[in-house]
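A short write-up of the structure that comes next.
Each reported figure results from applying straightforward, stated rules to the coordinates on display, with no laboratory input. Being a predicted model, the structure only gives us computed values, none of them experimental. Note: ideal-geometry Cβ built from the backbone for every residue, glycine included; neighbour counts use all protein chains shown.
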Amino acid sequence: MNTPDSVPAPAAPADCLFCKIASGAIPSAKVFEDDQCLVFMDIGPLTHGHALVIPKQHVRAITEAPLDLASHLLDIAQRVARAQVAALGAKGVNIVTNDGELAGQTVPHLHFHVIPQYPDDQHVWNWEPHPYADPVHAPVLAAALAGAMP
């Protein structure tokens, strides 16, 4: 039986931008690198110091990542966030990943955005909550999700 940690990684598409960056075929402003991941500056930053954390192996999205790799990437993202506070004076940090085109994923290779926030950065998250119209809806959704969890 295959578990999430034993499923082999699919072959990387030949045109994967982040695989090319990870291999060094496309240059990047590197922040950190180890045998599993690479951290580099985003070329279209939302704020000063916006960095990306990617696995070196091709994994399309967080829902397909082996748990040990996802855990390592999050550990590195946390370290980058701490560095953004210490070195850049960030007053907060967002760590975000998008899974799928509809969710805003523009490069189909798992990546975490580590986005420092500053009092004067002009960046605003457009997050408007929409409460459930029926108070029983949240428990129904919770039960459905609980039943589908592996």
Please list, or write none, the aspartates and glutamates whose alpha carbon is within less than 19 Å of the alpha carbon of Lys56, excluding same-chain residues fewer than 8 places away.
Asp5, Asp15, Glu33, Asp34, Asp35, Asp42, Glu64, Asp68, Asp75, Asp99
On average, how much area does the Cα convex hull of segment 17-148 cover when viewed from any direction, in nm²?
9.9
Between Ala87 and Glu64, take the C-beta separation as r, use R0 = 35 Å, and let me know the FRET efficiency to the nearest 0.05.
0.60
By Cβ neighbour count within 10 Å, fewest first, Phe32, Phe18 rank Phe32, Phe18
Which whole-Hz couplings ³J(HN,Hα) result when phi for each residue of segment 18-29 is put into the Karplus expression 6.51 cos²θ - 1.76 cosθ + 1.60, θ = phi - 60°, listed in order with x for Gly and Pro?
6, 5, 5, 5, 4, 7, x, 5, 10, x, 8, 8
Under 5 Å, built H, 5+ apart or other chain: amide partners of Cys37
Lys56
Given H placed on each backbone N at 1.01 Å, which residues far from Ala65 in sequence or on other chains put an amide H within less than 5 Å of it?
none
Provide Ile26, Ile95, Ile21 in ascending order of the number of other Cβ atoms located within 10 Å of each residue's Cβ, fewest first.
Ile26, Ile95, Ile21
Here the residues of segment 65-90 lying in the modelled label zone of Gln36, meaning backbone nitrogen under 12 Å from a point 7 Å along Cα-to-Cβ, are 66-77
Pop out the ³J(HN,Hα) list for segment 78-88 in order, Karplus 6.51 cos²θ - 1.76 cosθ + 1.60 with θ = phi - 60°, rounded to Hz; leave Gly and Pro as x.
5, 5, 5, 4, 4, 5, 5, 5, 5, 8, 10
Cβ-isolated cysteines (cut-off 4.7 Å), the chain
Cys37
Residue-wise HN-Hα coupling along segment 108-120, computed from phi with Karplus coefficients 6.51, -1.76, 1.60 (Hz; x: Gly, Pro)
x, 9, 3, 7, 9, 7, 10, 10, x, 10, 10, x, 10
Using a cut-off of under 11 Å, list every residue of segment 101-130 whose amide N is near the label point 7 Å from the Cα of Ile95 along the Cα-to-beta-carbon line.
112-115
What residues have an amide H closer than 5 Å to that of Gln117, excluding those fewer than 5 places away on the same chain, when H is modeled at 1.01 Å from N in the peptide plane?
Lys91, Gly92, Val93, Asn94
